[in-house]
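The values are calculated or read from the model by the stated rules, or taken from the named source; none is laboratory data. Predicted, not measured: the structure shown is a model, and the values here were computed from it. Every residue, glycine as well, gets a Cβ built from its backbone with ideal geometry; the counts of neighbours run over all protein chains shown. These accessible areas exclude ligands, DNA and RNA; they are computed on the full protein's heavy atoms, side chains included. Shrake-Rupley method; radii C 1.70, N 1.55, O 1.52, S 1.80 Å.
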Amino acid sequence: MVVDQMILHRVKRTLRKVNKWQPIMRAMSDEELQGQTAKLRQQLKAGKTLDQILPEAFATIREADYRLLGLFPYDVQVMGAIVLHSGNIAEMKTGEGKTLTATMPLYLNALEGKGAMLVTPNGYLAERDEEQLEPVYNWLGLTATIAFPKEGEEKKKVTPAEKRDWYNHDIIYTTASSLAFDYLFNNLASSTADQYLRPYNYVIIDEVDDVLLDEATSPFVVSSVPMLQSNLYGLTENFVSMLVPKMDYRLKREDKAVYLTYHGVRKAERFFRVANLFDASSREIYRHIALAMRAHHFMRNGREYLVENGKVILLDETNGRLKHGVKVNTGLHQAVEAKEHVKLTPNQKVAASITFPGLFGLFNKIAGMSGTVKVNENEFMNVYKMRVVQIPTNKPVIRTDYPDQVYITTTEKLMRAINYALQLHKQGRPILLVAGSVENSEIISEILLNYGVPHNVLNAFNAAREAAMIKDAGQEGAVTVATNMAGRGTDIKLGPGVKEKGGLAVIGTEMLSPRVRLQLAGRAGRQGDPGSSRFFISLEDNFISQNSTKRFKQYYRRLARRYPDRDRPLHSPRLMVSLAMLRSRVAGNEEASRKRVNKDEVALRLQRKNFYRERHQIMAADHFENTIGYWISESIDYYLAQKQEWTVHDLGLLINEHFSYDVAEIPPAVVTSKARIKRYLEELSRQILTAKSATLVNNEQLNHFYRSSLLNAIDSCWMDEMELLTNLRIEVQPWAMAGRDPSFEYQQRSFAAYKKMLLRAKLRALDNLLLSTIKVNKKGELVVSFN
Ligand code: ADP
Ligand code: MG
């Protein structure tokens, strides 16, 4: 609290400095104001810091915002901008104008010429904001763009040159997922010509809780060449269907954990005919059982996934949207398919993966903004070292937030919520009815139709259409049914006459986390408007049934029996306390799971950084002789260490396997010592490479051959490594039951695996260099085939 006051005090002091510049800016001609950019850059060159030029720079773009858009950023917006520049999080309520706020720190940070980015949760918002603001940046002499294909052009293939052009703009509006994919593909490029990113500098994340909390645990994945399909899915599916609850497995819904009992383990060993399920050789079987059990107990048809035309489509739990891309843990999808007895999609190898926290960790400075982040303040501090600063609203908030109304069953809850909505609808107030799932949004819509109430339903799976619909949600008499996150980032403005009637009414119909609840309530009462929020919840709500303890369930059953009059909301103080405790326990669990993923990600981040650095060196090199000589020597050492004594026969086999398919006569004297064998093999390698280079016409082709041999080797080993790490995450889970820390196990083992991978890459490179065939085709192009 005291710290917050001190920060706010400092922010206000800087605000006063910005305000001092304002009359000077106002007095400038357009040309003079436009000349400010060059002048500020000059000051930076002369050694001033960004902090020092902040007041003048903010005042410059504030005035430009006013002249070009007719919008003059309020003092509170300047305060938000100061927080954003400092690399922290500004909590600003919905409708306070975060888009305009961001222009100030973006402009200031772009002056250095290293780029500044704004990341939004979806492409629609990025396009909208960039379109509105590009004229201001251009007017001040800076370039701005979105960094993904425009709406309607998504299918078009974007060349690296185009991407490079995007990323070289001063100011970039993009989405977290485009950024993640671009990062991964940039690092999979096979030559520097295919790369397009420059080092990440400054980023502001809009709706930061959505990106860094809600989406934190699902990694972005780029997959590659189909692997051999495991036939274990069908087999484990049969096995898991036979299991008897309690006896063969235990289910801990609260922890989302399911595991085999001793009895279940024995059963598995008999079923799969293995001696020890926990032996390294049974690892794959164990992993498949774990996946199949997860598919059975935590993946529900209609909630977590849908089956459509013989295909399993995963749904995003919070908003009912179809999951985009391949953001799925490898294997779970197939396990669900086996459960539903549909055709399995080919399992793909992970070529690269990153989580949002990992991605944003690559920036020099990150900032964030959102309407509801204070509740997760500690987590932001611990994980990202970012402070959350609450910015006062421009006008006082006069919205009324009514206490929750608790009912026993879903039906009662929905009926009461709809009755309440009808009552307000009669008064002409616009209504936003929020459903907990796609299914409920359809039920609500049907009931409304029965009452003859026209309304919009927002589960369109399309951000642009949602935005268009939600824009009208503030008109007199409008009724809008929406799932949780639908239309987030689009502000609901009140139509004429609505203020007098009491403003927008947000009616929730599901128990939610405090943060999401606040986010929804905040859609009403923006910029000092009147408005209200009320949530109707039931003891059958997902949030409660999934997370409550046995004791709570017993208590709730007794309560249900004792309450014959089900139309009245429950109001036992004990219940309210239990619900509050439940909420905080869930929040704690979620935070813990993000923490674990982040910890695992740290291990991966180190590996990724290391790997990408080595890979880049190879890609950018134009001399390979040293690296190749060194790798060959190391590989030979490795092979020689496999045996104490070498015979001519052994050596012949080794050469046949890794050096050359036609083994020449090996002089017996060679095998008298390892040093001799090594010299012999090195000489042999040199001869093979020289013979190969004779087919190549120039140095460039030779380099191309070397480069692709090495890249192919390290990439395929890295893919194996990523797969190993993904599987490892699942494998280490049972360690928790043995009282050990899974994260620690994960880190230990992943580190060991990385070292092994580097060696494997070298061995593989040796094979590629020596055993590959190269041809120059009729067009004069080099064709290399690896085995
Ligand atoms: P938020 O992202 O904080 O919810 P938006 O950036 O979407 O809010 O802005 C909400 C609305 O307020 C927009 O229509 C915007 O044009 C308007 N607005 C923002 N700042 C100002 C300002 N300083 N003066 C007038 N209108 C503003
Ligand atoms: Mg916004």
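Axis of helix 262-272 versus longest Cα principal axis of the chain: the two differ by about 50°, to the nearest ten degrees.
In order along the stretch 68-75, the phi-based Karplus estimate (6.51 cos²θ - 1.76 cosθ + 1.60, θ = phi - 60°) of 3J(HN,Hα) comes to 8, 10, x, 10, 9, x, 5, 4 Hz; Gly and Pro are listed as x.
Annotation: extensible slack from Leu653 through Glu700 equals 13.5 nm (criterion: 0.36 nm per residue apart, minus Cα-Cα distance).
Site pair Asn378 and Val2 shows an inter-label distance of 2.0 nm when each label is modelled 7 Å from Cα along Cα→Cβ.
Accessible surface computed residue by residue for the chain, with neighbouring protein chains in place and a 1.4 Å probe, gives 46 Å² per residue. Here are some pairs, Lys48/Lys93; Lys98/Lys426; Lys93/Lys163; Lys374/Lys599; Lys17/Lys595; which of them have Cα atoms lying more than 31 Å apart in this structure? Distance filter (> 31 Å) returns Lys48/Lys93; Lys98/Lys426; Lys93/Lys163; Lys17/Lys595. Taking amide H atoms as placed 1.01 Å from N in the peptide plane, the amide H of Thr483 lies under 5 Å from those of Ala435, Leu458, each 5 or more residues away in sequence or on another chain. In the chain, the portion of solvent-accessible area held by carbon and sulfur atoms comes to 54 percent [1.4 Å probe, whole percent, DNA, RNA and ligands not counted]. Multiplying the residue separation of Ser772 and Lys39 by 0.36 nm and removing their Cα-Cα distance gives an extension gain of 258.0 nm.
Annotation: amide H of Glu340 has no partner in the under-5 Å range at sequence separation 5 or more or interchain, hydrogens built in the peptide plane. Between the listed residues Val3, Gln687, Thr14, the Cα displaced farthest toward the positive end of the dipole of the chain, a dipole computed from Cβ unit charges relative to the Cα centre, is found at Val3.
Legend: calculated FRET efficiency, Asp662 to Glu634, from the Cβ-Cβ distance at R0 = 30 Å, rounded to 0.05, equals 0.75. Give me the tail of P(r) for the chain as a percent: Cα-Cα pairs with distance above 35 Å. Taking all Cα-Cα pairs of the chain, the fraction more than 35 Å apart is 57 percent.
Between the beta carbons of Lys114 and Ala468, assuming R0 = 56 Å, the FRET efficiency works out to 0.95 to the nearest 0.05.
Taking the stretch 501-529 and a reference point 7 angstrom along Cα→Cβ of Leu575, the backbone N atoms nearer than 20 Å belong to 508-514. The phi-based Karplus calculation (6.51 cos²θ - 1.76 cosθ + 1.60; θ = phi - 60°) puts the 3J(HN,Hα) values of the stretch 410-420 at 4, 4, 4, 4, 5, 4, 5, 5, 6, 4, 4 Hz, whole numbers, x for Gly and Pro. In this Cβ point-charge picture (+1 for Lys and Arg, -1 for Asp and Glu), the chain has a dipole of about 2200 debye about its Cα centre. Taking a ≥ b ≥ c as the square roots of the Cα gyration tensor eigenvalues, the stretch 605-785 comes out oblate, since a/c reaches at least 1.5 and a/b does not exceed b/c. Amide H to amide H, with H built 1.01 Å from N, Ser533 comes under 5 Å of Thr400, Asp401, Tyr402, Val506, counting only residues 5 or more places away or on other chains.
Can you give the calculated 222 nm mean residue ellipticity of the chain, where each DSSP H run of n ≥ 4 adds -39,500 (n - 2.57) and the sum is split over every residue, rounded to the nearest 500 deg cm²/dmol? Value at 222 nm, helices only, nearest 500: -17000 deg cm²/dmol. The Gln617 and Ala161 beta-carbon pair, evaluated with R₀ = 35 Å, returns a calculated FRET efficiency of approximately 0.90.
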